[in-house]
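Trainee: Quick one: this structure, given as structure tokens, is what I'll be asking you about.
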Amino acid sequence: MIFLRLLLVVLLACPFAASAQEKVRKSDVVRLLQKLQTEQNNPQALRAAGFEGEKLKLMLDHGTKLANNQTILGHMADQLINARNAPTPTNPVGGLLAPLLDRGMPYMPVSEQIYHMKVELTVMQAMSTANCGRSVKDTIAPEVFGRALVQTMARLNAPALKEYLRIVRKASTLGVSRPNPPRIADAKREKVLEGFASALEVTAAEKGLSRAYARSDTDMRGLSNREACGLGLLFIETIIDTKGPNQKPLLQLFWRDFQ
């Protein structure tokens, strides 16, 4: 399931043309990443996507702060160099940043985790049912998802956008230094997941999604886009609505296991 990582994809590809035997310096890779991020921080492209005024300034500031975040860029450089030096070199850039967010989020205040999820819910609700469903089933073309994502982002109000981007940067930076998820005892994990599953089952029945929910564990991609979108929204709404002692461990399990 794709859960939105708003504007964290700094790059889609990284051009390392040197031979596998040539040593690559980390400082050079960091400079390249910084250069590419700066070039992509394009006012014209952001205006074309619908960002104007204060929201345009926020997006440009977000891009500048990412380009100057040596913690994130240094981590990306290490990952790229390791992948390049592997027996079968790969290009992992597209998957570098989202895991940082997932790793850092459990260490954020619960209020900030919930805020992040509420914005993600707003974005999913603003997408077309088809794109929402495809994103939940992880069948949406990356370029289509990216376009829908940015266009939806542009409809957020400026305060919501500002706070969301701040949380994204903070959590992603935390994710570099917190590679391991918080430990949850097996008994606690089982109890939390049982409560979550029960709440999902009840709400799915109320929304006429019981059959889709029953199929989702084994045949998510076989669901219609309407069913998948409905379940994705229900999933996030149920996490947001969870209160009491189960709230924090459920959030931790979401970032660790449900992505």
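The values are calculated or read from the model by the stated rules, or taken from the named source; none is laboratory data. Here the structure is a predicted model, which is why all the values come from computation and not from measurement. In this analysis, Cβ positions are derived from the backbone assuming ideal geometry, glycine residues included, and neighbour counts consider all displayed protein chains. We work out accessible area using only protein heavy atoms, side chains counted, and drop any ligands, DNA or RNA first. Shrake-Rupley method; radii C 1.70, N 1.55, O 1.52, S 1.80 Å.
Trainee: Against the condition more than 28 Å from Glu112 (Cβ to Cβ), open to solvent by less than 80 Å² (accessible area, probe 1.4 Å) and of a type in the set (Ser, Thr, Tyr), how does Ser216 come out, does it pass?
Mentor: yes
Trainee: Determine if segment 191-204 includes at least one residue that is within 19 Å of Ile140 (Cα to Cα) and not hydrophobic (A, V, I, L, M, F, W, C).
Mentor: No, segment 191-204 contains no residue that is within 19 Å of Ile140 (Cα to Cα) and not hydrophobic (A, V, I, L, M, F, W, C).
Trainee: Given the criteria assigned by the TED database to the domain that holds Pro249, modelled with pLDDT under 95, in contact with a Phe, Trp or Tyr (Cβ under 7 Å, 6 or more places away or on another chain) and small (Gly, Ala, Ser), does Ala154 qualify?
Mentor: Taking the combined requirement at face value, the residue satisfies it.
Trainee: Another one. Somewhere in segment 114-121, is a residue under 27 Å from Leu209 (Cβ atoms), aromatic (Phe, Trp, Tyr) and modelled with pLDDT of 85 or more?
Mentor: For segment 114-121, residues under 27 Å from Leu209 (Cβ atoms), aromatic (Phe, Trp, Tyr) and modelled with pLDDT of 85 or more: present.
Trainee: For segment 138-148, state whether one or more residues are of a type in the set (Ser, Thr, Tyr) and either at pLDDT 95 or above or assigned to a helix (DSSP H, G or I) (or both).
Mentor: no
Trainee: Step by step: first the residues of segment 184-213, then only those that are at negative phi and not in a helix (DSSP H, G or I), then the one that is surrounded by the most Cβ atoms within 10 Å (Cβ to Cβ). Which residue is that?
Mentor: Leu209
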